[in-house]
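Reviewing the structure listed below.
The values are calculated or read from the model by the stated rules, or taken from the named source; none is laboratory data. This is a predicted model, so every value here is computed, not measured. Using ideal geometry, Cβ is built from the backbone for each residue, glycine included, and neighbour counts are taken over all protein chains shown. Areas reflect the complete protein model, heavy atoms only, side chains present, ligands, DNA and RNA absent. Shrake-Rupley method; radii C 1.70, N 1.55, O 1.52, S 1.80 Å.
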Amino acid sequence: MRKALRWLLALTVLIGTLGTAGAATAADAAGTDSTTDIKERLLSIPGMSLVEEKPYTGYRFFVLNYTQPVDHHKPSKGTFQQRITLLHKDVSRPTVFFTSGYNVSTTPRRSEPTQIVDGNQVSLEYRFFTPSRPAPADWSKLDIWQAASDQHRVFKALKSLYSKKWISTGGSKGGMTATYYERFYPRDMDGVVAYVAPNDVVNKEDSAYDRFFAGVGTKECRDRLNGVQREALVRREPLEKKYAAFAQDNGLTFNTIGSLDKAYEATVLDYVWGFWQYSLLSDCDQIPADAKNATDEEIWDSVDTISGFSAYADQGLTTYTPYYYQAGTQLGAPTIRFPHIEKQYIRYGYQPPRNFVPRDIPMKFQPSAMRDIDTWVRHNARHMLFVNGQNDPWSAEPFRVGKGAKDSYVMTAPGMNHGANVAGLVPEQKALATARILDWAGVASSSVQADPQAAKPLAKFDAKLDKRDVQREMTLRP
């Protein structure tokens with residue numbers, strides 16, 4: 001899979017939101033063992049080392065490195081250091097295992113399930129995202145099973161300290177990661193909360209996305225977006241001159257994708273997708289209403305604001321090479337049609353992930369990988385919650401649960417985008433989802449067990465800790 005804007009993914013680093021209700025006491029929050037400080041206990045784990053500790057009221061926050069095998073099939077064939085963060089509250093509280101599927105944030109943050117259960121949070125950087133990359137990098141060891149095995153080893157290492165219930169979570173690629181972890185190690189976690197997790201089962205069948213874009217939002221909004229996108233291609237020549245000047249001023253190069261022309265078209269073709277991924281219907285009034293009569297500057301600014309003209313430059317792609325590698329080997333990449341744009345204006349179409357990975361890195365797609373995950377989830381899901389956004393393009397191909405699933409749910413937040421979460425669900429579903437998360441974590445009160453509609457997050461909202469890290473990342477990904 002590939003596409004999707006750029007305002008991300010530290011966004012998935014916090015899909016945490018609203019909260020209310022009583023939290024544990026500050027004394028509990030400081031949480032240390034009665035005989036040994038938690039930092040000492042962490043550093044007594046073989047392979048664990050401290051990068052730094054950062055203060056945060058009511059918690060202790062550690063940035064750590066953990067020694068992992070490059071190949072879990074052959075642990076003796078080399079190791080690398082994988083970065084971890086730990087938001088420690090108390091060993092008596094449940095623990096949430098978070099991954100974005102990308103880099104890990106080294107700023108204290110709390111995911112929504114962590115706020116709901118008032119627990120600890122372990123966050124893991126995905127393998128091959130720097131600095132958690134083996135040297136030299138054997139890219140064949142970047143796959144979903146190896147990554148799940150990373151999580152499994154971290155869980156086993158920390159379970160003796162954090163012995164209460166564990167829940168895994170993540171948003172977007174992080175939600176996919178939590179799902180894959182559950183598929184390969186179903187006995188580790190007590191529950192899974194996967195936000196806006198795409199499920200591209202058949203890579204070559206993407207008509208669901210075309211249907212999505214034909215009906216999302218309102219016709220007026222779709223017409224505005226389609227008009228700007230088409231006009232940006234009609235005016236390719238003058239706008240590419242502007243792009244060349246922009247690239248020169250910012251030191252951008254295009255060796256990986258192959259040319260400025262390819263990068264320009266790829267950026268423009270992501271425009272409509274990018275809007276719906278990170279904007280709301282109410283934001284449509286910011287889109288030029290009459291694209292044909294808009295100035296070049298207005299067209300440029302709109303595309304740059306939503307898609308970002310640095311996205312397909314080498315400098316924008318490099319950080320996300322691991323993602324594009326996985327999209328082109330296992331995850332898949334959606335391809336959409338553009339019925340509102342005449343064929344003569346589109347030279348390349350939606351380009352495959354292979355175009356975004358340096359050619360010296362070999363890639364071969366494995367079509368069975370996502371079929372296996374999808375089949376397993378449908379028939380074996382247990383204590384799993386999938387939260388999608390109604391207006392999120394990535395939710396056009398969602399995970400589904402079948403008859404074999406137990407205590408598992410798929411819920412959709414009305415009107416929400418790629419930032420959809422439990423807080424955005426309709427009240428009845430919001431309460432049910434919260435109640436199930438509390439129950440899976442072993443902290444549901446008797447009143448919540450008797451009436452799920454009474455369920456609320458256990459920790460109070462913290463404006464800094466529960467802040468979404470929305471940074472404008474120039475790359476196309478979930």
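Considering the conditions (1) on the phi < 0 side of the Ramachandran plot; (2) crowded, with 23+ Cβ neighbours inside 10 Å; (3) within 18 Å of the chain's Cα centre (by Cα), Val196 is excluded by exactly one of them, (1).
Take the stretch 116-138 and flag every residue that is assigned to a strand (DSSP E or B) and not hydrophobic (A, V, I, L, M, F, W, C).
Within the stretch 116-138, Asn120, Gln121, Ser123 qualify.
The residue list Ala433, Ala455, Ala459, Ala444 contains one member that is crowded, with 18+ Cβ neighbours inside 10 Å, within 18 Å of Gly175 (Cβ to Cβ) and among the aliphatic types (A, V, I, L, M), which is Ala433. In the condition set (1) under 25 Å from Leu87 (Cα atoms); (2) buried (at least 20 other Cβ atoms within 10 Å of the Cβ), Leu425 is compliant with all but (1). Of everything in the stretch 148-193 that is in a helix (DSSP H, G or I), open to solvent by less than 10 Å² (accessible area, probe 1.4 Å) and of a type in the set (A, V, I, L, M, F, W, C), the residue that is nearest to Pro393 (Cα to Cα) is Met176.
Select from the stretch 357-403 the residues that are assigned to a strand (DSSP E or B) and out of contact with any Pro (no Cβ under 6 Å at 6 or more places or on another chain) and write down the one among them that is surrounded by the most Cβ atoms within 10 Å (Cβ to Cβ). Write out each step before concluding.
Of the stretch 357-403, the ones assigned to a strand (DSSP E or B) are 382, 384-389.
Among the residues that remain, those that are also out of contact with any Pro (no Cβ under 6 Å at 6 or more places or on another chain) are: 382, 384-387, 389.
On the way: Arg382: 17, Met384: 26, Leu385: 25, Phe386: 25, Val387: 30, Gly389: 23.
Checked the stretch 357-403; the qualifying residue surrounded by the most Cβ atoms within 10 Å (Cβ to Cβ) is Val387.
Each residue in the stretch 206-246 was checked for being out of contact with any Lys or Arg (no Cβ under 8 Å at 6 or more places or on another chain) and part of a loop (DSSP other than H, G, I, E, B), and 4 of them qualify.
Just one of the listed residues (Ser132, Ser76, Ser105, Ser92) is free of Cβ contacts under 8 Å to residues at least 24 places away in the same chain, among the polar types (S, T, N, Q) and either open to solvent by 20 Å² or more (accessible area, probe 1.4 Å) or farther than 30 Å from Val448 by Cα (or both), and it is Ser76. Among the candidates Asp296, Asp283, Asp304, the residue that is open to solvent by 20 Å² or more (accessible area, probe 1.4 Å), acidic (Asp, Glu) and farther than 26 Å from Pro198 by Cβ is uniquely Asp296. Note on the stretch 247-273: residues that are assigned to a helix (DSSP H, G or I) and open to solvent by 50 Å² or more (accessible area, probe 1.4 Å) total 4.
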